[in-house]
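Structure, as structure tokens:
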Amino acid sequence: MEERYAGAVGSVLTDEQLAAKARAGDTSAMEELYLRYRQPIFRIVYRSTRNADEAEDIVQEVFLKAFERLHTFREQSRFSTWLMRIALNLCTDRARMRQRRQLLVEREAEHRLAWSHPKPPDPLESVRRYAFEEAFYTALHQLPAHHQQLIIMRDLEEMDYEQIAEILGVSVGAVKLRVMRARRAFKAKLEPLLRAIGEIE
């Protein structure tokens with residue numbers, strides 16, 4: 001049975017068919033769903049946490065919860081949408097838990113990233129890029145979780161409005177309005193930080 005869908009490429013089974021098999025206890029179907037969605041889920045979780053180890057932990061938790069709750073999955077939405085909702089909820093929970101220590105964790109992770117390339121081709125450009133990235137993510141994490149998620153989904157992950165609407169369970173019009181508000185709030189946080197590093201006048 002494992003050979004039937006031991007990889008997403010060329011698999012004839014849809015996500016929903018695999019979910020049905022996984023619900024019945026088929027571990028190969030669970031593995032296939034994990035292989036299909038591990039990277040997309042990791043990417044969006046990492047955008048939220050900026051910490052690879054924490055992102056890996058959350059990804060594992062996402063799939064554990066998903067497989068535990070497969071009996072609650074109804075095909076009113078896509079499996080990928082349902083999985084994304086679980087991931088976003090866990091990111092929100094983690095953000096609340098780490099609120100007080102978040103800045104220290106981010107700076108430690110960013111310093112590790114900054115020193116991971118000891119001989120960059122252009123040191124001044126690397127410093128400038130690092131300063132911009134630090135300002136960007138500092139501003140992002142000053143936003144409420146719901147604004148963070150919208151900026152990540154729309155502007156960093158480049159999801160379309162329809163997909164975001166499906167994930168959040170709201171209309172496309174509501175998503176567009178929320179994205180506009182999130183961008184306005186983000187701009188208000190980011191601009192003073194960019195002025196401080198000389199990126200804007």
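Structural remarks
- Rolling a 1.4 Å probe across the protein heavy atoms gives the range 43-99 an accessible surface of 51 Å² per residue.
- Here the 3J(HN,Hα) profile of the range 144-160, calculated from phi with Karplus coefficients 6.51, -1.76 and 1.60 at θ = phi - 60°, is x, 4, 5, 6, 3, 4, 5, 4, 5, 5, 7, 9, 8, 8, 6, 6, 7 Hz, Gly and Pro shown as x.
- A straight line joining the Cα centroids of the range 132-149 and the range 152-187 runs 15 Å.
- Amide H contacts under 5 Å for Met159, placed H, 5+ residues apart: Arg154
The values are calculated or read from the model by the stated rules, or taken from the named source; none is laboratory data. Keep in mind that this is a model prediction, so the values were computed, not measured. Heavy atoms of the whole protein, side chains included, go into the accessibility calculation; ligands, DNA and RNA do not. Shrake-Rupley method; radii C 1.70, N 1.55, O 1.52, S 1.80 Å.
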